[in-house]
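Note sheet for the following structure.
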Amino acid sequence: MPRIVVDVMPKPEILDPQGKAVHGALPRLGFHAVTDVRQGKRFELEVEAADDATLAEVHELAGTLLSNPVIEDYAVRVEA
Amino acid sequence: MKIGVVTFPGSLDDVDAQRAVRLAGGEPVALWHGDHDLLGVDAVILPGGFSYGDYLRCGAIARFAPVMTEVVAAAQGGMPVLGICNGFQILCESHLLPGALIRNNHRTFVCRDQVLQVENASTAWTTAYTAGQQITVPLKNGEGGFVADTETLDRLEGEGQVVVRYVGQDPNGSLRAIAGITNERGNVVGLMPHPEHAIEDLTGPGTDGLGFFTSAVQALMSV
């Protein structure tokens with residue numbers, strides 16, 4: 001069965017305290033190469049068929065429930 | 001004057017809100033999130049708590065509770081609606097108020113008595129105050145940072161839609177120290193601090209919060 005992946009990320013201009021917390025922990029663990037961290041969410045949706053109608057529905061779902069467009073961006077892709 | 005208080009799974013301050021309504025001279029009515037019914041109330045309060053465990057995002061799932069269909073329609077028709085803390089988050093997720101609430105910038109839960117300045121004393125929930133008045137009510141949240149884009153913030157400030165602002169150090173990273181806002185019509189108000197916890201000297205820092213509830217009761221009586 002096909003799987004549709006929806007990635008939700010905080011918008012670049014929105015403060016991401018969780019990402020900041022992770023970033024703050026890196027030097028304490030000896031990692032110094034990373035200059036910024038942002039944390040998002042990944043949703044995996046199992047569907048009967050990844051046709052156009054289903055994709056349109058998922059886009060709608062992603063923009064209403066899975067993400068809040070005020071603070072988050074989303075991306076939809078089909079995973080074989 | 002009947003003021004409904006919605007209980008969601010995870011609501012915490014619903015009984016406190018009902019008590020505040022009673023002390024303000026109104027008749028509290030318990031509403032259930034799963035019902036498509038406002039039981040003939042004249043106003044609605046969405047109380048604080050952790051609706052649906054705050055899974056996904058605070059208020060994101062509560063927005064789709066059956067009772068919210070009725071609340072949104074009633075609010076658009078002019079009914080006074082007050083969202084406190086989680087209730088504020090639900091109002092933003094429902095698009096009844098602009099902006100969103102994100103995790104506190106210092107990443108820790110904050111719980112303290114907070115001084116607020118009343119900026120707009122003409123909403124359905126703030127006529128008992130005067131503009132510029134400072135009040136003290138408890139604040140307790142982990143995701144209380146109010147954010148919106150610059151254009152929205154400018155509009156909120158320009159149109160007098162900022163209802164209360166934090167005085168002193170911003171407790172959660174809210175942009176422009178905004179603690180509460182209203183819609184254009186002034187009937188829907190959301191705020192992060194908890195006026196329902198400042199209605200009696202015995203159980204709070206004072207009675208400064210009672211004005212939110214007496215405002216609504218008086219506004220409804222004068223209709």
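222 nm [θ] for chain A, helices only, -39500 (n - 2.57) per DSSP H run of 4+, per residue, to 500?
Taking each H run of at least 4 residues, the total per residue is -7000 deg cm²/dmol.
So with the 1.4 Å probe, I'd like the accessible area per residue for segment B:115-204, rounded to whole Å².
37 Å²
Hey, can you find the accessible area per residue of segment B:1-104 for me, probe 1.4 Å, expressed in square angstrom?
Value returned for segment B:1-104: 34 Å² of accessible area per residue.
Do you know which residues of segment B:42-69 lose at least 50 square angstrom of accessible area in the protein assembly compared with their chain on its own, with a 1.4 angstrom probe?
B:L56, B:R57
Which of the listed residues, B:V41, A:P69, B:G180, is farthest toward the dipole's positive end in the protein assembly as shown, when Lys, Arg count +1 and Asp, Glu count -1 at the beta-carbon?
Farthest along the dipole direction, towards plus: B:G180.
Which one of A:G24, B:A60, A:A80 is farthest out on the positive end of the charge dipole of the protein assembly as shown, using unit charges on Cβ (Lys, Arg +1; Asp, Glu -1) and the Cα centre as origin?
It is A:G24.
Rounded if a/c is under 1.5, else prolate if a/b is larger than b/c, else oblate: which is chain B, with a ≥ b ≥ c the root eigenvalues of its Cα gyration tensor?
rounded
From other protein chains only, count the Cβ atoms within 10 Å of every residue's Cβ in B:161-168, then give the mean.
If you average over the peptide's residues, the count of other-chain Cβ atoms is 0.
Per residue of B:145-154, count partner chain C-beta atoms within 10 Å of its C-beta, then hand back the mean as an integer.
Average per residue, whole number: 2.
If you take every DSSP beta bridge whose two residues both sit in segment B:1-141, what share of them, in percent to the nearest 5, is antiparallel?
If we restrict to bridges inside segment B:1-141, about 45 percent are antiparallel.
I'd like the interface area for chains A and B: accessible area of each alone minus the complex, both sides summed, 1.4 Å probe, protein heavy atoms only. What is it in Å² to the nearest 100?
Buried surface at the A/B interface: approximately 1300 Å².
Given a 10 angstrom Cα cut-off, can you work out which residue in B:P195, B:P80, B:P66 is the most mobile in a GNM of chain B?
B:P66
Using a 10 Å cut-off around each Cβ of peptide A:12-21, what is the average number of partner chain Cβ atoms that fall inside?
Taking all residues of A:12-21 together, the mean is 4.
Can you list the residues of segment B:91-125 whose accessible area drops by at least 50 Å² going from the chain on its own to the full set of protein chains, with a 1.4 Å probe?
With the partner chains in place, segment B:91-125 has these residues losing at least 50 Å²: B:I102, B:R103, B:R107.
If you roll a 1.4 angstrom probe over the protein chains with everything in place, what fraction of the accessible area of the protein assembly as shown belongs to carbon and sulfur, to the nearest %?
Solvent-exposed carbon and sulfur of the protein assembly as shown make up 53 percent of the total.
Using alpha carbons only, how many angstrom separate the centre of segment B:148-223 from the centre of segment B:1-77?
Computed from Cα coordinates, the inter-centre distance equals 17 Å.
Can you give me the accessible area per residue for chain A, using a 1.4 Å probe, in Å²?
Here the per-residue accessible area is 62 Å².
Could you name the lysines whose alpha carbon sits less than 28 Å from that of A:K20, not counting residues in the same chain fewer than 8 places away?
Here the lysines satisfying the reach criterion relative to A:K20 are A:K11, A:K41, B:K140.
Order these peptides, B:185-193, A:26-34, A:56-64, B:83-91, by their mean beta-carbon neighbour count within 10 angstrom, highest first.
Sorting B:185-193, A:26-34, A:56-64, B:83-91 by mean packing, highest first, produces B:83-91, B:185-193, A:56-64, A:26-34.
The values are calculated or read from the model by the stated rules, or taken from the named source; none is laboratory data. Given the structure is predicted, the values throughout are model-derived calculations rather than measurements. Positions of Cβ are generated from backbone atoms using ideal geometry, with glycine treated the same way; all protein chains shown enter the neighbour counts. The accessibility values were calculated without ligands, DNA or RNA, using every heavy atom of the protein model including side chains. Shrake-Rupley method; radii C 1.70, N 1.55, O 1.52, S 1.80 Å.
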